[in-house]
Amino acid sequence: MRNKAALQSNAVLLCAVVLVQFGLIEAGYRLKGGSEAAPEFQSLFTPDPVLGYRLKPGATARLTTAEFDSRITINQAGVRDREIEPKAPGERRLVVLGDSLVMSVQVSLEETFVARLEQRLNASAIPPATYRVINAGVQGYGPVEEYLFHRDVTSALQPDVVILGLYPGNDAVEAAATAFRLREGGTPRQADDGLSARQRFTQWRRRMIRKSVVLQVARLRVTTALDRFGWRPEIDPPLRTYLADAPPEIERGVAVARDAVARLAALTESQGARLVVVLLPARFQVDDGDYARLKEIVGRSGKALDRDLATERFATALAGLDVPVLDVLPPLREAARISDVYMQSTAHFTPFGHDALATILERRLRDAGLVPGPGR
Amino acid sequence: MVFNSLDFAVFFLAFLGLYRLLPHRGQNWLLVAASYYFYASWDWRFLALLIVSTLTAYACGVLLGRFEDEKRRRLVLFAGLGVHLALLGFFKYFGFFAENLRALLGLAGLRADGFTLQVLLPVGISFYTFIAMSYVIDVYRRQTGPCRSLVDVAAFIGFFPTLLAGPLVRASSLLRQIREPRAPTGAQAAEGAWLLLWGYFKKMFVADNLAHVVAQVYAPDASPGGLAVVLATVAFAFQIYGDFSGYSDIARGASKLIGIELMVNFRFPYFVRTPQEFWTHWHISLSEWLRDYVFLPLSFAFSRRLDGVRWLGLRDDVWIYAAATLVTMLLAGLWHGAAWTFVLWGAYQGALLVGFRVLALRTRRKQKPPPGGWVFEWGHAPAALVMFTLTCYGWLMFRADSLAQIAVLTGRIFTAFEPSQAVLRAVGLPLLLYAGPLVAIHAAEARRGSLETVAGWPRAARYSVYVALVYAIVLFGDFQGSDFIYFQF
């Protein structure tokens, strides 16, 4: 009896110590900054009934890690760009929609491919023509939110061209998860509908991990260790888009993404603008070392990682929409021979990668006749 | 297979499960099989060396037990030592000596290309050859009895927890335990678990994180300022300590879980005040090995030659001590690696030991061990700080790639200190973060003079330490599974 009581008392004390230290480390992580979970970074966002969240007009934050140090300012229109003046005569306006690859919090605004594209277009513009390229990327958005964001926010900016930066790396997964937003009323499907106990537990576990920096870091550490020794039990959901025998939710996600792009195309057309889709590759599609590492990891699960398959899936799905689809993968691979296109600590573009992408986009836009110029 | 890998975790758990099911003889067979598998996982070809070493030691033991004639016994001893020294000499030192000989002949205008031969260094060879040699010597000296069981000798020499980086166990301790039936107690299991946790913390949190900082400053193409050199050298002091003592702790912890006790190899060595104390707190098993098998025989040999001399006002015993110490420490330096930087480090350690001995004689300061055992007191702090500084300069030699780099880095400390906030942030801050918790726990242990200090703390404090160590490993530890530094020795 006494032993049992002692055991219980030890267990309670141990749990208390674990929880207290967990809280202290979590607080430390959040207060220290350098993390997207830090309150300063989170202050960039505000809840939105349709989109879940959006960027907060006027908010500013600084993000510092070992690899970069950048300041982020949200303008009054609710995008990460300088203030947007009324459209001037002769001004041709481009809005770039997308996720974190477009928003690019890792670099200064001037270093983003959006800003560099504007510089390049203006450098060769014949007065009185000018170009204004607006960064409308929002961290964490998928194709569904990008469409809704344009419908509710950026269409008011009167763009002539809308560039949608799709990221095949995770857009299928995200589109499948947020398809409900396209429905009238946009209420989410009950998360636990029709799920087994194990699936419910997995969902609950994922939700918990998303809420805690400590758990995210711990998961990253554990998966790193498991990857190193080939013990990863499951393939990361985004990587499943690159499998020949992708699970049904990937096909469903691609279909939802296609639906969102079709709606966006119809919307832009109704407003007299043109839509162009740019397929932005994942790091391992460009970086050979990263690809070799992931290929080995996926290979251990008995699956084969096809480096270009996600891009091809999206290109095929969008082919019938009469929307130009620009694949920037081959020229980015060329650029990677000169310098790093992606960062080491995150799968986002380096300043060199942004510059290379801007150069590629300028050429492709001219080739597609979306902006006039020598390339046409 | 390294200790800080999932492969080892699975290997050890499977081993432990089987081990508990088997009787004593079966456990020893399993120990041999597991040890050979563990070693072969590095490179199966080197297994032959381990087998040769084991068979030689076993045969020598049997013959030494059989022969009474001193001449024949000595012949067996020399044969046993000769085989091991030949293995060590060829695999570890051939390249070094050949390169230096070629350079020497080159100075004389001669070419000697025939000496070029790439020899791979078998991991752990310095450890298991020394263990095997100590067995042969101990049997020769009749300090331990010859073992008739080849399996027991193989389990002793190939014992996987100590195989790659020690401690340098003796037959009187480990072989005796292997020959006797054993079952781990609850207390051993608890101590073992603590040692595993503490060892992994030292390796993955302290050593591997500091390694990145040190590598930047010591990179061959780097030109660091003096402050960066000083801080990186202190960081290296904690890196090598965390790495090596972490390995020893894991080895001791794993051994306790199978009911085997290994000697303590490190006792908070950066809190000591003298070089003599340092070598009784740092890599204790090597110090004792060198003392018993090199220093004492050398002292005996020198005493016959230097008996009665009195030079520079110093008596013969000082000269005997100096000569034996310098030779021993030069060999200790060479044991660490076939490079002039290690030889210089050994000479430096020898000079410190001799210098302090002479200084103690001149100032008539007697070194008496305190009656209750070694305990750190705050009054010792200034002397400990001086000793730590001297130790760190030794680590600069140890870590440098060449004698030229030692000269350059030393020069930077005195001629281009270049203090800056950037250096403090890049080197000083990680040093504080990664070494700070280790120093805090060791300070508490050194104050009591006991490595079991944490175990004696109140429950809440103890649990706080355990949980903090787990968090430190999981959240901030290096999960790249890098090798232990001492594997190369």
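The values are calculated or read from the model by the stated rules, or taken from the named source; none is laboratory data. Everything quoted here is computed from the prediction, not taken from an experiment. Note that we place each Cβ from the backbone using ideal geometry, even for glycine, and neighbour counts take in every protein chain shown.
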Only one of A:Leu14, A:Leu31, A:Leu44, A:Leu19 that is surrounded by 11 or more Cβ atoms within 10 Å (Cβ to Cβ) and either β-branched (Val, Ile, Thr) or in contact with a Phe, Trp or Tyr (Cβ under 8 Å, 6 or more places away or on another chain) (or both): A:Leu14
Please enumerate the residues belonging to segment A:327-342 that are in a helix (DSSP H, G or I) and among the acidic types (Asp, Glu). A:Glu334
Residue satisfying all of: in segment A:256-286; in contact with a strand residue (DSSP E or B) (Cβ under 6 Å, 6 or more places away or on another chain) and in a loop (DSSP other than H, G, I, E, B); surrounded by the fewest Cβ atoms within 10 Å (Cβ to Cβ) among these: A:Ala273
Pick from segment B:338-347 the residues that are over 20 Å from B:Ile284 (Cβ atoms) and not polar (S, T, N, Q): which of them is surrounded by the most Cβ atoms within 10 Å (Cβ to Cβ)? B:Val343
Does B:Ser255 qualify as being outside any loop (DSSP other than H, G, I, E, B) and at pLDDT 95 or above? yes
The residue that is nearest to B:Gly333 (Cα to Cα), considering only those in segment B:81-105 that are small (Gly, Ala, Ser) and surrounded by fewer than 17 Cβ atoms within 10 Å (Cβ to Cβ), is B:Gly89
For A:Ala336, work out the one condition from (1) of a type in the set (Gly, Ala, Ser); (2) over 25 Å from A:Thr241 (Cα atoms); (3) modelled with pLDDT of 85 or more it doesn't fulfil. (2)
Sole residue being away from chain A (no Cβ under 14 Å), among the hydrophobic types (A, V, I, L, M, F, W, C) and in contact with a Gly (Cβ under 9 Å, 6 or more places away or on another chain), chosen from B:Phe15, B:Phe3, B:Phe38: B:Phe38
Out of the residues in segment A:5-32 meeting the condition of being within 11 Å of chain B (Cβ to nearest Cβ) and in contact (Cβ under 8 Å) with a residue 40 or more places away in the chain, tell me which one is farthest from the chain's Cα centre (by Cα). A:Phe22
Elements of type strands (runs of 3 or more DSSP E) in segment A:58-153, at least 3 residues being of a type outside the set (Phe, Trp, Tyr) and within 19 Å of A:Gly169 (Cβ to Cβ): A:91-98
Just to be sure I understand, how many residues within segment A:134-170 are among the β-branched types (Val, Ile, Thr) and over 19 Å from the mean Cα position of the chain (by Cα)? 1
